[in-house]
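The values are calculated or read from the model by the stated rules, or taken from the named source; none is laboratory data. None of the values given here were measured: they were computed from a predicted structure. Here Cβ is always computed from backbone atoms with ideal geometry, including for glycine, and neighbour counts include all displayed protein chains.
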Amino acid sequence: MDSNALSLKELGTLIRRVVALNFQESLWVKGEIAHFNEVRGIAYLELVEKEEGQSDQIVARQSAVIWQRNFQQLKARYPDDLASFLEPGREILVQAQVEFTPRYGLKLIIEDIDPAYTMGRLYQQRRAMEEVIMQEKLNEPNKNLVLAPVIRHIAVLSNEQAAGYQDFIHQLRENAQRYTFQIHLFPISLQGGLVEETVLGQIATLSASYQKMDLAVILRGGGSRLDLAGFDSLLICRAIAHLPLKLATGIGHETDETLADLVAGISLKTPTAVAEFILQHNESFENRMRQAVERIRESAWSKVQRANIDLQKCRNELSVKPLRRVSRAAARLEGIQGQIPTLVRNRLRLEEVKLQQFERIIQLSSIAGTLRRGFSITLSHPEGKPLTGTPIKGQDLETIWKDGKILSRVTESSSKSLL
């Protein structure tokens, strides 16, 4: 055994002297919180540094502690919830004393925290994510979705115990219009490291049954800027952009705006503002329906009035027109009656003229008329029948003319035509 070998305690004592000699004053150290735990008023942290561009590649790790007295002083100096500020994944800048003990090893004793550094880092991260949102146009899809004319079934992403959720429910239930709503709660974490995970999970669940809903809302009451930082998530923004249901946000105070607000179809300041929007939306629909009913009623009444006027005109015309028709018919009958004797006389004269003409034609067509015109008639004798064919030899004939007649006998016959 080497007589010069050091025990662990001796080695620790040497290291302690080196640390005490070289780190006599506090240092400002930046790192990402990998673990935080508060036990009996003492805060225990584990800080890490990750390789740039490699979110899971740790290049340095160091334990840190905030003693009870100092932790209480820091809580008093920062009105916001310090424990929420020190959540895992957040990068912080701390003023710490480097301390080494043989028993517990190297540890940072945190004396102060610079929240401005953390806020600046968050601001830079937010600006970078805003640029991605604009490049991918994530702020457009949900805004372009059509909102249901009437909102009744509401999918609420919130926490049942949250004051903002309770305010939202109270506002809807106590509305003066007596509208009723079906609230479907999708529980999520409202701050800390579980915000992103729970919101993404519930949006995925909602996407599978969105047809049953009229509107989705994300509700989170007031809090510090860091409390709301969980909603500054690019993954949440992408999930909202791809959600096939109109979504409204009511996150934080009047002056707060998260990245989720940027991509939501409807961005409102508070949970109560979301409730008021829903009530006004339904009231606006009801007013439009009432106006439409009133227009229909007025139009129907106007048509009934015009129909009554037209009907009255018909009644008047029916009471007058038949009398006019009868009167005109009677006048025509009277006129016809006065014309009948004249028409009869004229018709009789016309028929008399026709009879005279027929009589003249008959007279001209008679045998006597024919004989008077210089013609003669040859009859067979003694039968007295008109000769219609060629007489035969020896045949007796009787020829009659205007002034007498003569008997003759055929001595020679010929059938040769004279035409």
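From the set of residues in the range 1-24 that are part of a helix (DSSP H, G or I) and of a type in the set (Gly, Ala, Ser), which is nearest to residue 92 (Cα to Cα)? Don't jump to the end; show me each part of the working.
Of the residues in the range 1-24, the ones part of a helix (DSSP H, G or I) are 8-22.
From the residues that got through so far, the ones that are of a type in the set (Gly, Ala, Ser) too are 12, 20.
Numbers: 12: 29, 20: 24 Å.
Looking at residues that are part of a helix (DSSP H, G or I) and of a type in the set (Gly, Ala, Ser), I get 20.
A single entry from 340, 400 fulfils the requirement of being out of contact with any strand residue (DSSP E or B) (no Cβ under 8 Å at 6 or more places or on another chain) and either modelled with pLDDT of 80 or more or surrounded by fewer than 10 Cβ atoms within 10 Å (Cβ to Cβ) (or both): 340. Taken together, 340, 278, 296, 336 contain a single residue that is in the same structural domain as residue 222 (by TED's automatic domain parsing) and among the aliphatic types (A, V, I, L, M), which is 278. Taking the range 25-52 as the range and being under 17 Å from residue 89 (Cβ atoms) and outside any strand (DSSP E or B) as the test, the residues that pass are 51, 52.
Each row is one residue, and each column tells you yes or no for (1) within 18 Å of residue 216 (Cα to Cα); (2) surrounded by fewer than 13 Cβ atoms within 10 Å (Cβ to Cβ); (3) over 28 Å from the mean Cα position of the chain (by Cα); (4) at pLDDT below 90.
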residue	(1), (2), (3), (4)
165	yes, no, yes, no
169	yes, no, no, no
172	yes, no, no, no
183	yes, no, no, no
195	yes, no, yes, yes
200	yes, no, no, no
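Pairs meeting the criteria (first residue in the range 276-291 and closer than 23 Å to residue 170 by Cβ, second residue in a helix (DSSP H, G or I), beta carbons under 8 Å, at least 6 apart or on different chains) are 276/171; 278/172; 279/171; 279/172. Candidates in the range 111-156 are the residues that are small (Gly, Ala, Ser) and modelled with pLDDT under 90; of these, the one that is surrounded by the most Cβ atoms within 10 Å (Cβ to Cβ) is 120. Filtered by the rule that a residue be among the charged types (D, E, K, R) and touching a strand residue (DSSP E or B) at 6+ places or on another chain (Cβ under 8 Å), the range 93-129 gives 99, 107, 111, 112, 114, 121.
A single member of 148, 216 is in contact with a strand residue (DSSP E or B) (Cβ under 6 Å, 6 or more places away or on another chain), in contact (Cβ under 8 Å) with a residue 12 or more places away in the chain and either within 18 Å of residue 280 (Cα to Cα) or not assigned by TED's automatic domain parsing to the domain that holds residue 244 (or both), and it is 216. Go over the candidates 179, 165 one by one and state the one that is farther than 22 Å from residue 71 by Cβ, assigned to a helix (DSSP H, G or I), assigned by TED's automatic domain parsing to the domain that holds residue 210 and not basic (Lys, Arg). That would be 165, the only listed residue that is farther than 22 Å from residue 71 by Cβ, assigned to a helix (DSSP H, G or I), assigned by TED's automatic domain parsing to the domain that holds residue 210 and not basic (Lys, Arg).
Yes/no per residue for (1) under 30 Å from residue 50 (Cβ atoms); (2) assigned to a helix (DSSP H, G or I):
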site: 127; (1), (2): yes, yes
site: 132; (1), (2): yes, yes
site: 142; (1), (2): no, yes
site: 151; (1), (2): no, no
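Condition check ((1) under 30 Å from residue 154 (Cα atoms); (2) out of contact with any Cys (no Cβ under 8 Å at 6 or more places or on another chain); (3) touching a residue at least 60 places away in the same chain (Cβ under 8 Å); (4) surrounded by 10 or more Cβ atoms within 10 Å (Cβ to Cβ)) across all residues:
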| residue | (1), (2), (3), (4) |
| --- | --- |
| 270 | yes, yes, yes, yes |
| 273 | yes, yes, no, yes |
| 293 | yes, yes, no, yes |
| 311 | no, yes, no, yes |
| 336 | no, yes, no, yes |
| 357 | no, yes, no, yes |
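Of all residues in the range 366-397, which are of a type in the set (A, V, I, L, M) and surrounded by 14 or more Cβ atoms within 10 Å (Cβ to Cβ)?
Taking the range 366-397 as the starting set, the residues that turn out to be of a type in the set (A, V, I, L, M) are 367-368, 371, 377, 379, 387, 392, 397.
Correct list: 371, 377, 379, 387, 397.
Each row is one residue, and each column tells you yes or no for (1) farther than 30 Å from residue 170 by Cβ; (2) basic (Lys, Arg).
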site	(1), (2)
272	no, no
297	yes, yes
301	yes, no
306	yes, yes
314	yes, no
336	yes, no
354	yes, yes
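Among residues of the range 369-381 that are within 14 Å of residue 398 (Cα to Cα) and in contact (Cβ under 8 Å) with a residue 60 or more places away in the chain, none has a Cβ under 8 angstrom from a residue that is outside any helix (DSSP H, G or I) and of a type in the set (Ser, Thr, Tyr) at a sequence gap of 6+ or on a separate chain.
Inside the range 382-397, can you point out the residues that are without any contact (Cβ under 8 Å) to a residue 12 or more places away in the chain and either part of a helix (DSSP H, G or I) or in contact with a strand residue (DSSP E or B) (Cβ under 9 Å, 6 or more places away or on another chain) (or both)?
Of the residues in the range 382-397, the ones without any contact (Cβ under 8 Å) to a residue 12 or more places away in the chain are 383, 385-389.
Scanning the range 382-397 gives 385, 386, 387.
Scan the range 11-61 residue by residue and report those that are acidic (Asp, Glu) and surrounded by 11 or more Cβ atoms within 10 Å (Cβ to Cβ). Give the steps one after another, and end with the answer.
If we filter the range 11-61 for residues that are acidic (Asp, Glu), which is where we start, we get 25, 32, 38, 46, 49, 51-52, 56.
Hits for the range 11-61 are 32, 38, 46, 49, 51.
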